[in-house]
Amino acid sequence: MRLRFREAGIKRLQTDASEKISAETHLLKEKEEHLKEIEVLRAQVDRNNEATTFAMENLQLKEEIRRLKSFCMEGERERMSEQIMVLENKLLEALDWKFMHETDLVRVQVFTFFSVIIFSCV
């Protein structure tokens, strides 16, 4: 790309030298050509930034896919499911134990309450 601009600049200089145009006209033409070159290069840089962003996103997505595939293939899902079932069973056992002991505690409190009432009446 830059080579093409340089070749165009050389041809323009050769044409300008053979036509004997003024220095001011030559500089204006050269300025216009440089501005065009700058715009083209900016567009390339912008596209390059987009391409870099897309490439990074692609790499991240590929890594995510690889991780999920290995998660499924290595049986992690089944192991986690088994661990969850074990934890659920332990939680249910703990809740049952707590419920049984709370019921016993209520019975003891009720018995104590009635015992106090009965002994106070006697």
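The values are calculated or read from the model by the stated rules, or taken from the named source; none is laboratory data. Values in this document were obtained by computation on a predicted structure and should not be read as measured data. A quick note on method: Cβ atoms are made from the backbone with ideal geometry, for glycine too, and the neighbour counts reach across all protein chains shown.
Here is a check on your reading of the model: is residue 73 modelled with pLDDT under 85 and exposed (fewer than 10 other Cβ atoms within 10 Å of the Cβ)? Break it down into steps so the answer makes sense when it comes.
Numbers: modelled with pLDDT under 85: yes; exposed (fewer than 10 other Cβ atoms within 10 Å of the Cβ): yes.
The answer is yes for residue 73.
Taking the range 21-43 only, how many residues are in contact with a Lys or Arg (Cβ under 9 Å, 6 or more places away or on another chain) and in a helix (DSSP H, G or I)?
Selection size over the range 21-43: 6.
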